[in-house]
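Participant: My questions will all concern the structure given below.
The values are calculated or read from the model by the stated rules, or taken from the named source; none is laboratory data. Because the structure is predicted, anything quoted here is derived from the model rather than measured. Cβ atoms come from the backbone with ideal geometry, glycine included; neighbour counts cover every protein chain shown. SASA here: full protein model, heavy atoms, side chains in, ligands and nucleic acids out. Shrake-Rupley method; radii C 1.70, N 1.55, O 1.52, S 1.80 Å.
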Amino acid sequence: MDRRKSLQTLLLGGAAAGSGLVFNSCKTETTEAVDQAITESSDKYFGRTPAELERLEKLQAEQLFNEHEMETIAALSVVILPPKEPHGGPIEAGVPELVEFMGKDIPEMAPTLLGGLMWLDHKSNTEFGTEFKSATLEQKKQICDAICWHDTEKPLSEQPLEIQFFYMMRGLTVTGYYTSKVGIADLGYKGNQPNVWDGVPQDVLDQHGVAYDPEWIAKCVDQSKRNVIAEWDDEGNLLT
């Protein structure tokens with residue numbers, strides 16, 4: 001899953017930076033072998049253990065949905081979450097591929113997904129004389145309107161398969177989209193951004209009866225030195 005790569009890189013990188021002694025001083029032959037296997041794995045699957053890589057390759061080689069079912073998933077996903085300009089929609093975000101992967105990764109989901117796809121085509125053929133993927137947008141919406149709500153007084157597992165299916169597909173579509181590069185671009189999320197720090201407000205300092213050392217605060221809040229790494233002397237005094 002490419003969309004997991006950034007998070008894995010961040011976690012592994014942060015752990016290595018913050019806990020260098022742990023990673024370096026506690027290595028065994030086993031952990032060294034794992035580290036080597038991870039390093040040698042393709043960039044696409046960065047951060048996986050050998051066992052995870054083996055399982056991932058096995059899942060990738062399997063096929064859960066046929067071509068028609070994948071097209072039906074794609075058609076349903078854009079009804080659930082219509083594409084947006086300029087970034088695109090669920091198809092551009094790889095949602096159909098994610099749905100298939102999750103159906104293989106969590107086998108308990110597969111019967112609901114497969115059964116729901118059959119139900120969509122049966123309903124569409126019965127109501128409109130055509131498969132779901134070939135129905136008009138309004139016809140697709142009409143079908144979805146009948147299954148998009150569930151009885152909150154009853155466990156979801158006790159409700160009709162088609163309702164369980166739509167609930168599952170809606171969750172996978174939204175999750176798949178907003179954890180993709182396309183969805184993140186649509187949100188406009190840019191990650192943590194640096195801001196300007198001018199020190200603790202004066203009224204707060206007054207409340208606690210404390211004050212900054214003028215020389216120290218001048219060095220800390222000088223925005224012209226934002227990218228300068230602080231230096232300290234052997235006695236803990238800030239130099240720059």
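Participant: Considering only the range 168-179, how many residues are open to solvent by 40 Å² or more (accessible area, probe 1.4 Å), assigned to a helix (DSSP H, G or I) and of a type in the set (Ser, Thr, Tyr)?
Facilitator: Here the count works out to 2.
Participant: If a residue counts only when it is closer than 20 Å to Met168 by Cα and touching a Leu at 6+ places or on another chain (Cβ under 7 Å), which helices (runs of 4 or more DSSP H) contained entirely in the range 44-124 have at least 1 such residues? Walk me through it before giving the result.
Facilitator: On the way: elements: 50-61, 67-80, 95-105.
Here the list reads 67-80, 95-105.
Participant: Here are the criteria: (1) touching a helix residue (DSSP H, G or I) at 6+ places or on another chain (Cβ under 8 Å); (2) assigned to a helix (DSSP H, G or I); (3) hydrophobic (A, V, I, L, M, F, W, C). Tell me which single one Ala211 does not satisfy.
Facilitator: Ala211 satisfies all of (1) touching a helix residue (DSSP H, G or I) at 6+ places or on another chain (Cβ under 8 Å); (2) assigned to a helix (DSSP H, G or I); (3) hydrophobic (A, V, I, L, M, F, W, C) except (2).
Participant: Mind counting the residues in the range 140-153 that are without any contact (Cβ under 8 Å) to a residue 60 or more places away in the chain and open to solvent by less than 50 Å² (accessible area, probe 1.4 Å)?
Facilitator: So in the range 140-153, the residues without any contact (Cβ under 8 Å) to a residue 60 or more places away in the chain come out as 142-143, 145-153.
Now narrow it down to the ones that are open to solvent by less than 50 Å² (accessible area, probe 1.4 Å): 143, 147-148.
Qualifying residue count, the range 140-153: 3.
Participant: Which one is modelled with the lowest pLDDT among residues in the range 101-127 that are open to solvent by 40 Å² or more (accessible area, probe 1.4 Å) and hydrophobic (A, V, I, L, M, F, W, C)?
Facilitator: Within the range 101-127, the match that is modelled with the lowest pLDDT is Ile106.
Participant: If you don't mind, there's one more thing I want to ask. Restricting to the range 112-153, give me the number of residues that are farther than 13 Å from Ala75 by Cβ and among the polar types (S, T, N, Q).
Facilitator: Adding up the residues that qualify gives 5.
Participant: Would you check if Val182 is on the phi < 0 side of the Ramachandran plot, in a helix (DSSP H, G or I) and either open to solvent by 70 Å² or more (accessible area, probe 1.4 Å) or touching an Asp or Glu at 6+ places or on another chain (Cβ under 9 Å) (or both)?
Facilitator: Values: on the phi < 0 side of the Ramachandran plot: yes; in a helix (DSSP H, G or I): yes; either open to solvent by 70 Å² or more (accessible area, probe 1.4 Å) or touching an Asp or Glu at 6+ places or on another chain (Cβ under 9 Å) (or both): yes.
So Val182 passes the test.
Participant: Evaluate the range 154-165: report whether one residue or more is surrounded by 15 or more Cβ atoms within 10 Å (Cβ to Cβ) and under 13 Å from Leu76 (Cβ atoms).
Facilitator: yes
Participant: Further question: Would you mind stating whether Lys84 is open to solvent by less than 30 Å² (accessible area, probe 1.4 Å), charged (D, E, K, R), at pLDDT 50 or above and under 30 Å from Ile143 (Cβ atoms)?
Facilitator: On the way: open to solvent by less than 30 Å² (accessible area, probe 1.4 Å): no; charged (D, E, K, R): yes; at pLDDT 50 or above: yes; under 30 Å from Ile143 (Cβ atoms): yes.
So Lys84 does not fit the description; no.
Participant: If Gly188 passes every condition in (1) in contact with a Phe, Trp or Tyr (Cβ under 9 Å, 6 or more places away or on another chain); (2) open to solvent by less than 60 Å² (accessible area, probe 1.4 Å) but one, which one does it miss?
Facilitator: Tallying (1) in contact with a Phe, Trp or Tyr (Cβ under 9 Å, 6 or more places away or on another chain); (2) open to solvent by less than 60 Å² (accessible area, probe 1.4 Å), Gly188 fails exactly one: (1).
Participant: Checking the condition within 23 Å of Ile91 (Cβ to Cβ), touching a His at 6+ places or on another chain (Cβ under 9 Å) and among the charged types (D, E, K, R), which residue from Lys133, Lys123, Lys141 passes? Full working, then the answer.
Facilitator: Values: Lys123 fails: touching a His at 6+ places or on another chain (Cβ under 9 Å); Lys141 fails: touching a His at 6+ places or on another chain (Cβ under 9 Å).
Lys133 is the lone residue from the list that is within 23 Å of Ile91 (Cβ to Cβ), touching a His at 6+ places or on another chain (Cβ under 9 Å) and among the charged types (D, E, K, R).
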